[in-house]
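J.: Before I ask anything, here is the structure I am working with.
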Amino acid sequence: MEMTAFLESLKKLEQLGLTQQTLLFVLNSQYVIKSVSDTKDGPAWMKSWKKRDWKTANGKPVANQELWQDIDRELDKFDSSKLKFAWLRSTVSDAGSDFVDSLLIKRMDE
């Protein structure tokens with residue numbers, strides 16, 4: 001779900017012509033963040049997966065490979081130096097997160 005939400009947000013940002021803007025993605029999935037972004041823990045996992053032909057360090061195919069490849073293709077359209085990522089615990093209340101949740105609930109009710 002987090003991967004799909006991230007992919008769809010990238011598509012929408014591309015549609016809006018924002019591929020060269022500085023963007024901050026606040027995600028509650030460290031899995032997505034560590035997969036697509038270099039962090040203090042090391043380089044983005046996706047870089048290694050691609051080098052190994054979409055295999056993990058133990059040689060197994062990456063889970064959700066097609067979705068990760070879609071994300072990779074979409075990310076290629078952006079200026080990676082302008083993409084920033086922050087992690088937000090899913091249990092923490094945050095004004096921005098609460099706002100998005102309210103929009104989602106409203107949309108689902110339509």
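J.: Please enumerate the residues belonging to the range 12-22 that are loosely packed, with under 14 Cβ neighbours inside 10 Å and of a type outside the set (Gly, Ala, Ser).
T.: Correct list: Lys12, Glu14, Gln15, Leu16, Gln20, Gln21, Thr22.
J.: Do you know which residues across the range 1-11 are basic (Lys, Arg) and either at pLDDT below 95 or open to solvent by 90 Å² or more (accessible area, probe 1.4 Å) (or both)?
T.: Within the range 1-11, no residue meets the criteria.
J.: If Arg52 satisfies every condition in (1) basic (Lys, Arg); (2) open to solvent by 80 Å² or more (accessible area, probe 1.4 Å); (3) closer than 16 Å to Lys84 by Cβ but one, which is the exception?
T.: So Arg52 meets the others, but not (3).
J.: Take Phe25 and tell me if it is surrounded by 12 or more Cβ atoms within 10 Å (Cβ to Cβ), of a type outside the set (Lys, Arg) and part of a loop (DSSP other than H, G, I, E, B).
T.: No.
J.: One residue is enough: does the range 83-102 have a residue meeting the conditions of a type outside the set (Gly, Ala, Ser), modelled with pLDDT of 90 or more and either on the phi > 0 side of the Ramachandran plot or open to solvent by less than 90 Å² (accessible area, probe 1.4 Å) (or both)?
T.: Scanning the range 83-102, I find at least one residue that is of a type outside the set (Gly, Ala, Ser), modelled with pLDDT of 90 or more and either on the phi > 0 side of the Ramachandran plot or open to solvent by less than 90 Å² (accessible area, probe 1.4 Å) (or both), so the answer is yes.
J.: Hey, can you tell me all the residues within the range 64-78 that are exposed (fewer than 13 other Cβ atoms within 10 Å of the Cβ) and either modelled with pLDDT under 95 or of a type in the set (S, T, N, Q) (or both)?
T.: Gln65
J.: Within the range 28-47, how many residues are open to solvent by less than 40 Å² (accessible area, probe 1.4 Å) and polar (S, T, N, Q)?
T.: Number of matching residues: 3.
J.: Take the conditions surrounded by fewer than 13 Cβ atoms within 10 Å (Cβ to Cβ), among the charged types (D, E, K, R) and modelled with pLDDT under 95 and apply them to Lys106. Does it pass?
T.: Yes; evaluated as a whole, the condition is true for this residue.
The values are calculated or read from the model by the stated rules, or taken from the named source; none is laboratory data. Note that the structure is a prediction, hence the values are computed from the model and not measured. Cβ: placed from backbone, ideal geometry, glycine included. Neighbour counts: every protein chain shown. Ligands, DNA and RNA are stripped out before the accessible areas are found, and what is left, the full protein with its side chains, is counted by its heavy atoms. Shrake-Rupley method; radii C 1.70, N 1.55, O 1.52, S 1.80 Å.
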